[in-house]
1. Does any residue of the range 217-225 turn out to be among the aliphatic types (A, V, I, L, M), in contact (Cβ under 8 Å) with a residue 24 or more places away in the chain, part of a strand (DSSP E or B) and over 16 Å from A175 (Cα atoms)?
2. Give the residue that is nearest to the ligand (Cβ to nearest atom), with candidates limited to residues of the range 245-267 that are surrounded by 24 or more Cβ atoms within 10 Å (Cβ to Cβ) and outside any helix (DSSP H, G or I).
3. Here are some residues: G141, G154. Which one is of a type in the set (G, A, S), within 14 Å of the ligand (Cβ to nearest atom), assigned by TED's automatic domain parsing to the domain that holds D280 and closer than 30 Å to A260 by Cα?
4. Return the residues of the range 206-244 that are within 16 Å of the ligand (Cβ to nearest atom) and β-branched (V, I, T); say none if nothing qualifies.
5. Between a first residue in the range 257-279 that is under 13 Å from R343 (Cβ atoms) and a second residue that is basic (K, R) and part of a strand (DSSP E or B), which pairs have beta carbons less than 9 Å apart while being 6 or more apart in sequence or on different chains?
6. Only one of (1) outside any helix (DSSP H, G or I); (2) away from the ligand (no atom under 14 Å from the Cβ); (3) surrounded by fewer than 24 Cβ atoms within 10 Å (Cβ to Cβ) is not met by R197, so which one is it?
7. Counting residues that are within 16 Å of I254 (Cα to Cα), which strands (runs of 3 or more DSSP E) fully inside the range 274-365 reach at least 1?
Amino acid sequence: MKVDGRVFRTIWRDAQSGNVAIIDQTKLPHAFVIAELRGVDDAWHAIADMQVRGAPLIGVAAAYGLVLALRADASDANLAAAANYLATARPTAINLAWALNDMRRVLAPLPPSQRPERAFARAGELADADVAVNDSIGTHGLATFRELASRKNGRLNILTHCNAGWLATVDWGTATAPIYKGHESGLDLHVFVDETRPRNQGAALTAWELAHHGVPHTLIADNAGGHLMQQGKVDLVIVGTDRTTASGDVCNKIGTYLKALAAHDNGVPFYVAAPSSSIDYGTYAGTDVPIEMRGEEEVTHMTGATADGRIETVRIAPEGSPALNPAFDVTPARLVTGLITERGIIAANADALARAFPERVKAAA
Ligand code: MRU
């Protein structure tokens, strides 16, 4: 996607230094900063501290982290140690384990001398595959958008939660791919962007992305979605996923479940953009997905820019009030209208998921 006229992906390897470059998402929307990852520790911290975030990007960042680890030491012991270490950076998005397993499968049979180059090539392949998958999700999703738009007069109003945009992937985004494709092809659409407390990925990232691409959008408080649905102002909801289980339960950013409930109550279609890299065929029930618990300070404090451009963090709760910060929740499959995958839109149930990606079922068995 373009930033001020220049094409960017969210992660790439710097040709001169061999280091890995990322867009530091903790600085957005106030500053566009490129950060450099020089070793496996930098990659671990970039994921854990959410300089890179979003399930697909977390996976690719871990793959590049392994590239950096093997550049220093390509032995069997270090391949295993670095992969195990990177896997601990965040617990919920299955893409992390998925990408690291892929890298180990490709690299382990090779002699150590060949691993650094192959690791770099494979991380690039995973990055390219993510772009192609999201492109395809965009095409399938757009067909549904068009169908919904044809049933009404006027613009299609879409609600999204968190950031499942290009910043959460290598490019395109998952939930935003049909939005960008629709906008580019002249479909009259508008996006309600949930602010997504406590880390405000909607306000800081999704709104920033959409603004840069000229997509009509309106930022809303997380609590406004149900009201807007009751008022008939939302034609569909589309969100991403950090992990969709083999039965179709969808784990995604905290608050997604409440939007699914409101959508269900108001007859609003609720779609999940779900690349196969985010489907966990080894876990059946959503209740078995590990939910990341993050620090209290994300709830008790907020960070923003002052009128003169300084970035400041302020307390918004009384000193001493404890806070709880689960980062994800699970939307039961029954509330999901459809999973938009790279192979088409499928029902959120075990049969449809098994039919769509039989090779993944086999690998998980
Ligand atoms: O904590 P985050 O910002 O990494 O959470 C991101 C989300 O929940 C996204 O919706 C999900 O990863 C899908 S990204 C295409």
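1. So far as the range 217-225 goes, yes, one or more of its residues are among the aliphatic types (A, V, I, L, M), in contact (Cβ under 8 Å) with a residue 24 or more places away in the chain, part of a strand (DSSP E or B) and over 16 Å from A175 (Cα atoms).
2. Only one residue fits best here, namely K253.
3. Working: G154 fails: within 14 Å of the ligand (Cβ to nearest atom).
G141 is the lone residue from the list that is of a type in the set (G, A, S), within 14 Å of the ligand (Cβ to nearest atom), assigned by TED's automatic domain parsing to the domain that holds D280 and closer than 30 Å to A260 by Cα.
4. T206, V237, I238, V239, T241, T244
5. If the second residue must be basic (K, R) and part of a strand (DSSP E or B), the pairs left are I279/R243.
6. That leaves (2) as the condition not met.
7. Answer list for the range 274-365: 328-331.
This table checks each residue for (1) without any contact (Cβ under 8 Å) to a residue 40 or more places away in the chain; (2) within 16 Å of the ligand (Cβ to nearest atom).
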{"site": "N78", "(1), (2)": "yes, no"}
{"site": "R104", "(1), (2)": "yes, no"}
{"site": "D135", "(1), (2)": "no, yes"}
{"site": "F145", "(1), (2)": "no, no"}
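The values are calculated or read from the model by the stated rules, or taken from the named source; none is laboratory data. Note that the structure is a prediction, hence the values are computed from the model and not measured. Ideal geometry is used to build each Cβ from the backbone, glycine not excepted, and the neighbour counts take in all protein chains shown.
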